[in-house]
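The values are calculated or read from the model by the stated rules, or taken from the named source; none is laboratory data. Please read these numbers as outputs of a predicted model, since none were measured by experiment. Neighbour counts are summed over all protein chains in view; Cβ atoms, including those assigned to glycine, are modelled from backbone coordinates with ideal geometry. Please note that ligands, DNA and RNA were not included when accessible areas were found on the heavy atoms of the full protein model with its side chains. Shrake-Rupley method; radii C 1.70, N 1.55, O 1.52, S 1.80 Å.
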Amino acid sequence: MPARALRLGLVAVDRTTDALTLLGLVAMVLVVSWQVFARFVLGFTPGWASELALLLLCWLAFLGIAKGIREHSHIAVGFVVDRRPWPVRGVAIRIAPALMAAFGCYLVVQGGEFTRLMMYSTLPGTGLPTSVQYAAMPVAGVLIAVYSVLQLFGRIP
């Protein structure tokens, strides 16, 4: 029963992450399209548009890293591992999840610290707390660490 609950939990996290990433991508396309339209057709540039697009890009990038690790499609890992001789490749394949889990923990710790430090400053264009931007790091770090630990113990292929 615990394995089934774990699998269902992972599916829920994956679907939520995918839905949020898709929603963020659509929002970014709309924001950038509005910015271009406003600049070239209406003759003004909304101050919040580039800032919001950058914020969305940051979140998309970090969630994409986590999803890439989950799906074993992170290009940097494949690039390094695939170019090594077989004995080295076998060792690298075994230790890669542990290294990625350590990276995820690093993102949680450092990203959490950045988020905490930026809690009281605001982004000038949107007025949002700057911590919203930095919060992508610990969120992605948790996902990366969980996915990597599960891969390390063979719970997900």
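Among the residues of region 60-106, those identified as under 19 Å from residue 150 (Cα atoms), open to solvent by 70 Å² or more (accessible area, probe 1.4 Å), of a type outside the set (Lys, Arg) and outside any loop (DSSP other than H, G, I, E, B) are 91, 93, 95, 99, 103, 105, 106.
Hey, among the residues in region 109-157 that are at pLDDT below 90 and in a helix (DSSP H, G or I), which one's most open to solvent (accessible area, probe 1.4 Å)? Among those that are at pLDDT below 90 and in a helix (DSSP H, G or I), it is 152. Note on region 8-36: residues that are within 21 Å of the chain's Cα centre (by Cα) and more than 30 Å from residue 150 (Cα to Cα) amount to 7. Of the set (1) under 16 Å from residue 151 (Cβ atoms); (2) of a type in the set (Lys, Arg); (3) free of Cβ contacts under 8 Å to residues at least 40 places away in the same chain, all apply to residue 39 but (1).
In region 85-103, the residues that are closer than 17 Å to residue 73 by Cα reach residues that are open to solvent by 70 Å² or more (accessible area, probe 1.4 Å) with C-beta atoms within less than 7 angstrom, at least six apart or across chains, in these pairs: 92/84; 97/152; 98/152; 101/152. If the condition is being in contact with a helix residue (DSSP H, G or I) (Cβ under 9 Å, 6 or more places away or on another chain) and not in a helix (DSSP H, G or I), then region 1-45 contributes 44, 45.
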